[in-house]
Amino acid sequence: MAMNQAFFTGVSGVKTMQYGINVTSDNIANVNTVGFKQSRTEFESLFHKALVTGAQSPTSDAIGVGSSVGATTLDFNQGSFLSTDKTFDLAIGGNGFFGLQGAAGVGDYYYSRDGAFGKDSADYLVNNSGEYLLGTLANNIAETTLTPEQMQQYGTYIDGSGTDQPYEITPVNEIALGEVGAQDKIFLPSFLYYPPTATENIAIKAVLDSDIIIEPVDIPINSDDYVPTVDESNKRLDIAGTIATTQGVVQPKVGDLVSVQVTDSLGYTSSINAYLSDSTNPSAISGTPIAQENAIWSVNNYSLLAFDLTTPLTYEATVRSEQESRTTSTFTTDAINSDGTRSDIVVQLEKRVPQPATGSQWDATANVTKFYEDYVVEPYDPTKTYDPAVYDVDVDAGTVTKIYDPAQYVVDKNSNKVYEIISSQSGEVTFNANGALLTNTLTQITNGDSTITLNLGTPLDPTIPLSGYDGVITRSGRSETIGIDRDGVEEGFLTQYDMGNDGDIVAGFTNGKTSPVAKVAIYHFQNEQGLTQVGGQKFQVSSNSGAAIFYKDANGNSILGAELRSRVLETSNVDLSNALTNLIINQRALDANAKSITTGDELIQKALQMGA
């Protein structure tokens, strides 16, 4: 019987080595399988048989009766990373598994290191077997309705066209990983819309030039300040004039130029010059200041031979006087309306004349404008009749331009655009001698159905640091716009989905905004070796592995516990050189065990021959 044991021992060795060869061959076969984890065969000896039952000996008196497979263990060491060009090719750097739900969306759950995912025809993230990738949803996507024009804004998206139902996103900043049981299928609609947010706040930071600038200014003279007298028989013109009620003239001087433009009904025009004098001091020399109520001027015996006097003449008079310049600073930005359209906000600060003895005062206006039409300069056509209330005709220049009421429209001749004034607001801004903002009464303006707050800075308050200097200020000889900030977001259309290392799937839009929509979950186990293999690089939980868990931070919040890489796949962790070496070793061991069988056979043959 002892001689026959060689047969059974050899057979157990052959069977055991064959199992080892099978495991090693499977590793080699999956050397290029994404996410594959190699297995290792662990052998153990079978029970021993005592040579002398009950004998007492200081040495072993047992003999082994063969070997068997003790266990097949998985090697979960990290595989190499392979870069790809697909956003949803994912790899886990460290321990953990992707969670998968059965292809039917119900039933079994699986865990895998294979991160090759893509969108299916229903816009869910799935693997190559159609099983759904699990993660925490932001729950910030809802069905919406878009116009055909809006739908045309979309281009071609990731992994297929998906459904044509548009969805609207509610932007969020981050997504916290939920509990294990709260994970769900990840839905990424191809037609995702970012709704507009109306502008509610505009803040301006700028420096205004506080210097008082004196320069010649042409000021229209009030028609009530002069009386023209025409001698039709002699065709002569006399005008007696003052500037007593003319607005905008400060400290006029003797010798200031007065220009009178005279026009007849046929369009003939001529300019006449006169000069201011002091009614209380006719001998005052040029440049001497005059009280405005004492400033006079006149035109005497001017020939009208070239004019048509059959209808009354028209007059326009101006006085050129050195005045404080009404320096203007203009700040323009756009604003988003509640319907997603844009308006232009124009804030203008104009230095008041005259300025106070200390500090400075500025008249402030804000206009909300919207593009109205192009500004067009047409060639003059003498065969047409132009309504003078609608068109400005310049026969000499040969041009015709439309007249726009400045209270209703803004004409930008640089861009040849006309903007309609939607709303307007005015106020006053004052600064102290150091340039700090003291007061501001232009604080808001209406934009359609919303109100925009205008922030020109915090008025000076000794108890508030930097107050008076955190917005618009004044400085001598300096004028610049530092910055204009506004809130509000225009509508956006999905351009792409991207992945972050924190597991967030982020949607990007045409308006430059982004928002996460889901976070891919990474599952962990107390005993990875206890997982049950079910094929296709997938595992299921068992009583040995324990239930899936999420790692927690110090505050008890769920965390990934590993790095998640996008556009990367984890390759097999099979070491081909070691696998081939193990294959040779197992093969030689199998041959040796087979030899023990043949040797046992020869011994039996010898015993049979001796008995014969």
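The values are calculated or read from the model by the stated rules, or taken from the named source; none is laboratory data. This one's a predicted model, so the numbers in the text were calculated from it and none came from an experiment. Don't worry about glycine lacking a Cβ; one is built from the backbone with ideal geometry, like all the others, and counts go over all protein chains shown. Accessible surface areas use protein heavy atoms only, side chains included; no ligands, DNA or RNA. Shrake-Rupley method; radii C 1.70, N 1.55, O 1.52, S 1.80 Å.
When you check residue 544 against the structure, is it more than 30 Å from residue 176 (Cβ to Cβ), part of a helix (DSSP H, G or I) and either open to solvent by less than 40 Å² (accessible area, probe 1.4 Å) or at pLDDT 70 or above (or both), yes or no? Criteria not met by residue 544. Of the strands (runs of 3 or more DSSP E) contained entirely in segment 127-226, those carrying at least 1 residues that are in contact (Cβ under 8 Å) with a residue 60 or more places away in the chain, over 30 Å from residue 347 (Cβ atoms) and open to solvent by less than 30 Å² (accessible area, probe 1.4 Å) fall at 132-137, 167-169, 192-194.
Among strands (runs of 3 or more DSSP E) entirely within segment 439-508, having at least 3 residues that are within 30 Å of residue 144 (Cβ to Cβ) singles out 450-455, 492-499. All told, residue 246 meets the bar of being polar (S, T, N, Q), open to solvent by less than 20 Å² (accessible area, probe 1.4 Å) and farther than 30 Å from residue 446 by Cβ. Name the residues in segment 387-409 that are part of a strand (DSSP E or B) and either more than 34 Å from the chain's Cα centre (by Cα) or within 24 Å of residue 205 (Cβ to Cβ) (or both), would you? Hits for segment 387-409 are 391, 392, 393, 394, 399, 400, 401, 402.
Contact map, segment 360-376: residues that are within 22 Å of residue 326 (Cα to Cα) paired with residues that are open to solvent by less than 50 Å² (accessible area, probe 1.4 Å) and of a type in the set (S, T, N, Q), Cβ distance under 6 Å, separation 6+ or inter-chain. Pairs shown: 360/210; 360/474; 361/430.
Could you list all residues from segment 477-528 that are open to solvent by less than 30 Å² (accessible area, probe 1.4 Å) and of a type in the set (Ser, Thr, Tyr)? Passing the criteria: 497, 515, 523. In segment 262-315, which residues are surrounded by 16 or more Cβ atoms within 10 Å (Cβ to Cβ) and among the β-branched types (Val, Ile, Thr)? Once the filter is applied, which keeps residues that are surrounded by 16 or more Cβ atoms within 10 Å (Cβ to Cβ) and among the β-branched types (Val, Ile, Thr), segment 262-315 yields 262, 290, 296, 299. Only residues that are outside any strand (DSSP E or B), in contact with a strand residue (DSSP E or B) (Cβ under 6 Å, 6 or more places away or on another chain) and among the charged types (D, E, K, R) were counted in segment 286-336, giving 1. Restricting to segment 413-439, give me the number of residues that are open to solvent by 30 Å² or more (accessible area, probe 1.4 Å) and either touching a His at 6+ places or on another chain (Cβ under 9 Å) or touching a residue at least 60 places away in the same chain (Cβ under 8 Å) (or both). Qualifying residue count, segment 413-439: 8.
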